[in-house]
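Have a look at the structure below before the remarks.
Read-outs throughout are calculated quantities, based only on the coordinates presented, and are distinct from any laboratory measurement. Bear in mind that the values here come from a model prediction, so they are computed numbers and not experimental data. Because the Cβ atoms are built from the backbone with ideal geometry, glycine has one as well, and the counts that use them run over all protein chains shown.
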Amino acid sequence: MTNDNIAVRCKNLVKTFDTGEQKVYALRNIDLNVPTGELMMLVGPSGCGKTTLISVIAGILDQDSGSCELFGQDMQKLNTSQRNRFRAQNIGFVFQAYNLLPTLNLAENVSIPLIINGVARKQATKTAADALEQVGLGDRVRNLPSQLSGGQQQRVAIARALVHNPRLIVCDEPTSALDHETGHHIMEILKKTAVHKDRAMIIVTHDARIFEFADCIASMDDGIVQNVTQSVDTH
Amino acid sequence: MNYIALKMLMGNTGKYLGIIMGLTFASLIMTQQPAIFVGLMARTFSFISDVGQPEIWVMDPKVQFVDDIKPMQDTELYRVRGVAGVEWALPLYKGMLKVRLADGTFQNCIVVGLDDATLMGGPPTMLQGNLVDLRQSDGVIVDEDGAKEKLSKPPVNPGDKPTPIKVGDTLELNDRRAVIVGIAKVTRTFQAQPVIYTTYSRAMSYAPRERKLLTFVIVKGKVGEDPAVLSKRIHDATGLSAYTTDEFKTLTYNYFMKNTGIPINFGMSVMLGFIVGAAIAGQTFYSFTMENIRQFGVLKAMGTGNGTLLRMILLQAALVGIIGYGLGVGLTSLFGYSMRNTILAFKFPWQLLLFSGAGITLICMFAALLSIRKVIKLEAAIVFRS
C-alpha cells in the first residue's frame, strides 16, 4: 500500500470525554489507514468508539492527541471555515436515521451538498435529479421524504452523499433500521454507486448481515482497533 | 441556503402560523392601542384645530389647557388690538352650558360664541345651512354628532331610534330659545359633548351672568409678522398668556399627558402586547428551531458554517416578522376604517408604523437570538445519534 492510495491515515488517535467526575476514553491510540477504492467496515459492540472515530475522521469532533489526515490534510490544522469547506467538498454522509429534511422534496434534499458548495439552485436540483435516477428514485424527485419507505429514504440519503462526488463516504449504521432484504438492497446500491478507485468508504455497523460487502473490516473494542481483516467480496 | 431556510420554516405549517399569529397579535396591539391613544389625545385640542384662522390665542395666564376656562374682562380685547403687529383680534366665547331637551332632561354642551361682525372661528364644514345664518334671530349651529346623538329627540314609539334634530328645530339654552339654523361637521372633542355655535353677543345672553365672560382673544398678525414673536409681544404688553396655535395645542396635550392616567393605561396595553407577542413569537420560534435542531446539525456536518446558519435563522425571523407586522398593521387599519364613523378615537400617523416596526424587530431579534445561540453551540456530532 503506497501513500498515494491512502484516504484516511490515523496515528495514535486519542479522544476522551469529560463526564464530570472522570474522563472516559473513547479512542485509545488508534492507528488506522483506510485505502481508496475500498469499503471499510468499522465493527464492534455499542460504545466501543466507532461513531467517535468517524466523527474525528470527518472533522466533526477534535481529537485530544494524535493525528488524523484525510487525503493528506490534517483537518485539525484548518480553521473553522476552511474545515467546513474541506468537509463540504470531500465528505458525504449517510446516517442511520436518514436525516432528510422533512419539508424539502427529494431533489431539494439531495441538492443540499451542492448548494453548500456554491452550485446554483437550478443546476443543483438538476444534478440531484440525476443522482436520484442512479438510486432508482428518478420518478419521485418531487415527493417528500414522508411519502417514502425507510429503504427508499436511505436511497435518497445515498444519493445525497454522492451527489457532489466526495472522496470519502461515511456511513453510520446505514442498514440497522431496515429489514434484511432492504438492507441488502441498500448495500448493493452503495457498493455499486459509491465504491470508486479514487474514493474511500467507511461504514460503521454492527449488522453482521452486511459484512460480506466489506473489502476490509476493522474490529473495535473499548476504544481500540483490535484487528483489520481483508474480506473476500462475493458481490 | 436561503431557499432551504424558507422551506424549513414554511414546511412546518402549524409552527409557521403560530409564530406569525404571535407577531400579528403583538403588531396589532402595538398599533391599534397607540392609534386610539393618539386619536384620543388629538381630540384634546380638536377645538383649536377646528378654529383654523387665528395664529395666536390670548387667554388668562392661569389657563392650563383649552377646556380650562378662566374668563377675562372684555376690555382685554382692546388691549390686545393695541399691540403692534396685530392685524386683527377678535373675541371668542367658549363655555359649557346646559341644554334642556325635549324629554325634559338636560345635556351639557360646549357653546362657542363667534365675533358678531366677522363670525371668525366658526365650524370647519357646514353640512346644512350657512354660517351667516347665525345672524338670524336666536340662530345657533349644532354639530352633526350632537344633532344625531345627545341632542336628538326621543323616539316616537318605544324601541325606535331617536330622531336627530334638524334645521328649524328649537332648543332651550339656559331658559332661552335657540333656533337651529345649520348643522356642521366638527372634530369630536375629548369629552364628546355636543358643540353649539352662535354669535358672541348671543352667547353672552345664554351664559350665566358673570363679571368676566371673554374666554379667548383670537389674533392674526400682520403679513410678515412671526407669530411666536408677536405672541411674546402680546404677553409682554398685556400680561396675558399668548400662544401660537401649535403652542396652545402642545400646552393642552401636555396637560392631559401629565394630569391624566391615559398615557399610563395605554402604555400598559402596549407593553402587554409587546411582552405577550414576544413570549408567543419567541417561544414558538425557539421550539421551531429545537424541532429542527437535528436538521441544522445535518447542515453543519455537511459543511455549512455558523455564519450561513445564522443568516438562515435571521431570514426566517425576518420573514415571519414582516408578515406578522404587515398583518397586524393591516388589521389595525381595517379596525380604524370600520370605526371611522363611530365615537371611537383613532388616528394612525406614520410615526406609529415606525414605532410598531421597531417593536416587532425587537421581538424577532429576541426570538432569533434564542435560536441562534442554540444552533451556534450545536455539535454536528448530534447527527450520529439515533
Counting only residues 5 or more apart in sequence or on a different chain, those whose built amide H sits under 5 Å from that of B:Val99 are B:Gln107, B:Asn108, B:Cys109
Checked against a 30 Å limit on the C-alpha separation, the offending pairs among B:Lys15/B:Lys374; A:Lys197/B:Lys374; B:Lys70/B:Lys161; B:Lys94/B:Lys148; A:Lys77/A:Lys197 are A:Lys197/B:Lys374; B:Lys70/B:Lys161
For the range A:212-229, what does the Karplus curve 6.51 cos²θ - 1.76 cosθ + 1.60, with θ = phi - 60°, yield as ³J(HN,Hα) per residue in whole Hz, taken in order and with x for Gly and Pro? 4, 7, 6, 7, 8, 10, 9, 8, 10, 7, 6, x, 10, 7, 6, 7, 10, 10
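Order these by the 10 Å Cβ neighbour count, fewest first: B:Trp57, B:Trp350, B:Trp88.
Numbers: B:Trp57 25, B:Trp350 7, B:Trp88 16.
Ordered by Cβ neighbours within 10 Å, fewest first: B:Trp350, B:Trp88, B:Trp57.
Ordered by packing density, taken as the mean number of other Cβ atoms within 10 Å over each peptide's residues, highest first, how do A:137-145, B:215-223 rank? Write down the numbers at each step before the final one.
Numbers: A:137-145: 16.1, B:215-223: 20.9.
Output ranking for A:137-145, B:215-223: B:215-223, A:137-145.
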For the range B:73-239, what does the relative contact order come out to in percent, with C-alpha contacts under 8 Å and a separation of six or more? 35
Would you calculate a helix-derived [θ] at 222 nm for chain B, using -39,500 (n - 2.57) for each DSSP H run of n ≥ 4 and dividing by the full residue count, to the nearest 500? -16500 deg cm²/dmol
Shielding of B:302-314 by partner chains, average beta-carbon count, 10 Å: 4
Amide H contacts of B:Asp116 (H built 1.01 Å from N, under 5 Å, at least 5 apart or other chain): B:Tyr200, B:Ser201
Most mobile of B:Leu97, B:Leu17, B:Leu230 per a Gaussian network model of chain B (Cα springs, under 10 Å)? B:Leu17
Phi to ³J(HN,Hα) by Karplus 6.51 cos²θ - 1.76 cosθ + 1.60 over the range A:115-130, Hz, x for Gly, Pro: 5, 4, 8, x, 6, 5, 4, 5, 5, 4, 5, 5, 5, 5, 4, 5
Once the principal axes of the Cα atoms of the protein assembly as shown are found, what is the range along each, listed largest first in whole angstroms? 120, 59, 47
Once amide H atoms are built 1.01 Å from N in the peptide plane, which residues 5 or more positions from A:Cys171, or in another chain, come under 5 Å H to H? A:Val94, A:Ile202, A:Ile203, A:Val204
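Using r as the Cβ-Cβ distance of A:Asn29 and B:Met290, and R0 as 56 Å, what FRET efficiency do you calculate, to the nearest 0.05? Walk me through the intermediate numbers first.
Details: r = 38 Å, r/R0 = 0.67.
Working from the Cβ atoms, E equals 0.90.
Sort B:Glu210, A:Glu173, B:Glu379 so the one with the fewest other Cβ atoms within 10 Å of its own Cβ comes first. Kindly include the intermediate steps, with their values, before the conclusion.
Values: B:Glu210 9, A:Glu173 20, B:Glu379 13.
Neighbour counts put them in this order, fewest first: B:Glu210, B:Glu379, A:Glu173.
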Kindly put B:Arg209, A:Arg209 in sequence by how many other C-beta atoms sit within 10 Å of each C-beta, fewest to most. B:Arg209, A:Arg209
If you plug each phi of the range B:45-50 into the Karplus form 6.51 cos²θ - 1.76 cosθ + 1.60 with θ = phi - 60°, what whole-Hz ³J(HN,Hα) values come out, in order, with x for Gly and Pro? 10, 5, 4, 5, 5, 5
Return the single residue from B:Leu40, B:Leu327, B:Leu92 with maximal mean-square fluctuation; model: Gaussian network over chain B, springs between Cα atoms under 10 Å. B:Leu327
